[in-house]
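Here's a structure for you.
The values are calculated or read from the model by the stated rules, or taken from the named source; none is laboratory data. What you are looking at is a predicted structure, and each value in this text was computed from that prediction instead of being measured. Please note: Cβ atoms are built from the backbone with ideal geometry, for glycine as well, and neighbour counts cover all protein chains shown.
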């Protein structure tokens, strides 16, 4: 039962969000942000992301039951009652706000709450089932942790914090569209208009390439604050990202390139945030 409740929080996604929050804190502090602040900021972030994930599992239980990769989740499989999943998610979200407010800072609390509300109300309950642009707009929710981390350290939302927000915002569509190419039949079966379902595979591949190029180009802006080492890091990672996106465009029916891009996109996010934090801590 404990494992089922943990799975409601989508722990792999939580881990990725916490990574971007923590590395942004290191970047903002230009070094170690301190044990107390780090522990409480990450605790709040884990509760916020986990609560949003649990509410998503509650709301999406009908479509989760119809997709191969999600039908074994605790709610559609009947191991956790829907109302219990909802209460669990709301409880985690309330805990997150309290932790941030009392132990980190009010701005982080409001940013975290706003990100959770955007994910549940705007993306999950509205955009996901109504438009093929769902992940383009809804991806803003997953980009909030850098803002939370920056605010935890500085109690402001600075331009570099906003730039790191934009990195994840631009990264999300090609990352998620690569996955949606692989599992597009699942989405088609439950009527969710992800881009490959609504617009077809060729147009999705072109969109992946376009967003990858925009991401690679925008990432160079980080060098404005962190210098040529950051520019070089962004250029190297961006070129690899675009190269894999180009491979996705070139392949025909096989999804090998999409799988490669999906896996690399996670490495990319870790590498650019880790590299940025290291450059900020060591060179600035």
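Yes or no, residue by residue, for (1) farther than 20 Å from residue 116 by Cα; (2) touching a helix residue (DSSP H, G or I) at 6+ places or on another chain (Cβ under 9 Å); (3) not assigned by TED's automatic domain parsing to the domain that holds residue 164:
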{"position": "4", "(1), (2), (3)": "yes, no, yes"}
{"position": "9", "(1), (2), (3)": "no, yes, yes"}
{"position": "14", "(1), (2), (3)": "no, yes, yes"}
{"position": "33", "(1), (2), (3)": "yes, yes, yes"}
{"position": "45", "(1), (2), (3)": "no, yes, yes"}
{"position": "70", "(1), (2), (3)": "yes, yes, yes"}
{"position": "76", "(1), (2), (3)": "yes, yes, yes"}
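Select, from 217, 257, the only residue that is in a helix (DSSP H, G or I), surrounded by 14 or more Cβ atoms within 10 Å (Cβ to Cβ) and at pLDDT below 95. Show your work before the answer.
Working: 217 fails: at pLDDT below 95.
Just a single option satisfies the conditions, and that option is 257.
In the set 90, 111, 86, which member is within 18 Å of the chain's Cα centre (by Cα) and not assigned by TED's automatic domain parsing to the domain that holds residue 174? First the steps, then the outcome.
Numbers: 90 fails: within 18 Å of the chain's Cα centre (by Cα); 86 fails: within 18 Å of the chain's Cα centre (by Cα).
Going through 90, 111, 86 in turn, just one is within 18 Å of the chain's Cα centre (by Cα) and not assigned by TED's automatic domain parsing to the domain that holds residue 174: 111.
Scanning the range 71-90 for residues that are free of Cβ contacts under 8 Å to residues at least 40 places away in the same chain and assigned to a loop (DSSP other than H, G, I, E, B), which turns out surrounded by the fewest Cβ atoms within 10 Å (Cβ to Cβ)? Talk me through it step by step, then tell me what you get.
As a first pass, look at the range 71-90 and keep what is free of Cβ contacts under 8 Å to residues at least 40 places away in the same chain: 71-72, 76-78, 81-84, 86-87, 90.
Now restrict to residues that are assigned to a loop (DSSP other than H, G, I, E, B): 71-72, 76-78, 81.
Numbers: 71: 13, 72: 12, 76: 20, 77: 14, 78: 10, 81: 12.
The residue in question is 78.
If only one of 138, 149 is modelled with pLDDT under 95, within 26 Å of residue 241 (Cα to Cα) and either out of contact with any strand residue (DSSP E or B) (no Cβ under 8 Å at 6 or more places or on another chain) or surrounded by 21 or more Cβ atoms within 10 Å (Cβ to Cβ) (or both), which one is it? Please lay out each step first, then the result.
On the way: 149 fails: modelled with pLDDT under 95.
Every option except 138 fails the conditions.
So that you can scan it fast, the table gives a plain yes or no per residue for (1) outside any helix (DSSP H, G or I); (2) within 21 Å of residue 139 (Cα to Cα); (3) at pLDDT below 95:
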position	(1), (2), (3)
5	no, no, no
19	no, yes, no
22	no, yes, no
26	no, no, no
32	yes, no, no
36	no, no, no
39	no, no, no
42	no, yes, no
45	no, yes, no
